[in-house]
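Working notes, structure below.
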Amino acid sequence: MTERYWHLRAGPLFEMLDAEELTRLERQSSSRKFSRGELIYLPADLGDSALLLVDGRVRLFAATPEGKQGVLGYVEPGELFGELPVITGGKRDEFAEATATSLVVSVPREEILRLVSSQPSFALEITKLIGFRRKRYERRLKALLFKSTRERLIHLLLEFAERYGRQARPETPVAFAEKFTHQELANVIGSTRESVTVLLGTLQYERLIEVRRRRIILTNLPALAAEVGQSIPGVVIDPDLLPAY
């Protein structure tokens with residue numbers, strides 16, 4: 001059994017498959033390492049495979065002809081991406097770029113479609129994945145259209161708290177497991193680095209957050225959620241954070 005077998009195990013979507021199915025997928029799949037800044041695929045590329053990120057981080061973004069970028073989201077290890085054109089047919093709509101050295105497993109479209117038709121549980125999970133991503137994009141688009149820059153930033157911090165947040169106990173500050181630059185945050189909410197820097201400083205002055213070497217800590221999660229009329233997101237409890245904060 002080669003290494004790609006274990007790479008496939010890194011994706012929760014494939015955990016439900018038995019050893020025989022995983023072995024078949026392993027034979028059909030290929031893996032590749034991408035350097036930081038290297039493009040994994042482009043808009044209009046054929047959607048002939050779904051991609052599993054084993055290690056690293058991937059940025060999904062769109063760009064205008066003038067070069068202005070809008071970040072759709074980030075892919076973390078264990079997550080599948082580029083799956084929509086595999087299911088619906090057609091070409092890709094966005095760019096995918098490695099923002100760190102990344103190992104990616106490519107699963108052919110034919111194998112994904114075979115699993116969708118033969119494994120109801122797999123079909124359900126991939127449908128939920130597509131639906132969840134679409135809901136996230138729609139929520140972000142509404143924020144871009146109708147919310148102030150401050151509100152958009154708070155919405156993003158709450159989204160990242162649910163995805164990357166860790167806290168020692170439910171009532172303690174929330175630390176992000178990943179670091180994001182001010183420019184990265186600005187690209188996601190359609191703002192500028194300078195505006196995000198000023199807003200983060202304001203939120204810190206108001207004792208809603210703390211910023212430590214690109215690490216954002218949400219010190220008052222309930223107040224942030226209340227300001228934008230959002231429920232408090234669920235955050236992973238990590239007791240190991242207690243000595244550090």
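So, with +1 on the Cβ of K and R and -1 on the Cβ of D and E, and no other charges, what is the size of the charge dipole of the range 1-130 about its Cα centre, to the nearest 20 debye? Before the final figure, lay out each step's value.
Working: 15 positive and 20 negative charges, 47 e Å.
In debye, rounded to 20, the range 1-130 gives about 220.
What order, most packed first, do the peptides 195-207, 81-93, 129-141 have when packing is the mean number of other Cβ atoms within 10 Å of each residue? Intermediate results must be reported in sequence, preceding the final value.
On the way: 195-207: 15.8, 81-93: 17.5, 129-141: 13.4.
With the highest mean Cβ count within 10 Å placed first, the list reads 81-93, 195-207, 129-141.
Pick out, from 217, 121, 236, the residue whose Cα sits farthest towards the positive end of the charge dipole of the chain, with +1 on the Cβ of Lys and Arg and -1 on the Cβ of Asp and Glu.
Farthest towards the positive end: 217.
Let me make sure I get this right: for the range 128-198, a, b and c are the square roots of the gyration tensor eigenvalues over alpha carbons, sorted descending. Under 1.5 in a/c it's rounded, otherwise prolate if a/b > b/c, else oblate. Which is it? Let's see the in-between values first.
Numbers: a/c = 1.87, a/b = 1.13, b/c = 1.66.
Note, shape of the range 128-198 comes out oblate.
Just the number please: accessible area per residue for the range 189-234, 1.4 Å probe, all protein chains included, in Å². Each step should come with its number before you reach the end.
On the way: 2660 Å² over 46 residues.
Heavy-atom SASA per residue in the range 189-234 reads 58 Å².
Which residue, chosen from 70, 47, 8, occupies the Cα position most advanced towards the positive end of the dipole of the chain, where the dipole is computed from +1 (Lys, Arg) and -1 (Asp, Glu) charges on Cβ about the Cα centre?
70
Placing unit charges on C-beta atoms (Lys and Arg positive, Asp and Glu negative, everything else neutral), compute the dipole magnitude of the chain about its Cα centre in debye, rounded to 20. Don't skip to the end; give the middle numbers.
Numbers: 35 positive and 33 negative charges, 129 e Å.
I would put it at about 620 debye.
How far apart, in nm, are the 7 Å Cα→Cβ label points at residue 220 and residue 38?
Each label point lies 7 Å from its Cα, and together they span 4.6 nm.
Just to confirm, what accessible area per residue do you get for the range 98-157 at 1.4 Å probe, in whole Å²? Intermediate results must be reported in sequence, preceding the final value.
Numbers: 3190 Å² over 60 residues.
Ligands and nucleic acids excluded, the result is 53 Å² per residue.
Of the residues 58, 71, 228, which exhibits the maximal mean-square fluctuation in a Gaussian network model of the chain defined by a 10 Å Cα contact cut-off?
228
Given 0.36 nm per residue, what is the gain on full extension from residue 23 to residue 62 after removing their alpha carbon distance, in nm? Each step should come with its number before you reach the end.
Details: separation 39, 0.36 × 39 = 14.04 nm, distance 3.51 nm.
Full-extension gain reported as 10.5 nm.
Once neighbouring chains are kept in place and the probe is 1.4 Å, which whole percent of the accessible area of the chain is contributed by carbon and sulfur?
Details: 6830 of 12880 Å².
Carbon and sulfur atoms account for 53 percent of the accessible area of the chain.
How large is the dipole of the range 129-227 about the Cα centre if only Lys and Arg carry +1 and Asp and Glu carry -1, each at its Cβ, rounded to the nearest 20 debye?
Values: 20 positive and 11 negative charges, 73 e Å.
Roughly 340 debye for the range 129-227.
For residue 73, list long-range residues whose amide hydrogen, built 1.01 Å from N in the peptide plane, is under 5 Å from its own amide hydrogen.
60
Which order do peptides 232-238, 154-160, 44-50 fall in by mean Cβ count within 10 Å, highest first?
Values: 232-238: 15.0, 154-160: 22.4, 44-50: 17.0.
So the order, starting with the most tightly packed, is 154-160, 44-50, 232-238.
The values are calculated or read from the model by the stated rules, or taken from the named source; none is laboratory data. Computed from a prediction, not measured in an experiment: that's the story for all the values here. All Cβ positions, even for glycine, are placed from backbone atoms using ideal geometry, and neighbour counts span all protein chains on display. When the accessible area is computed, the model is the full protein with side chains, heavy atoms only, and any ligands, DNA or RNA have been set aside. Shrake-Rupley method; radii C 1.70, N 1.55, O 1.52, S 1.80 Å.
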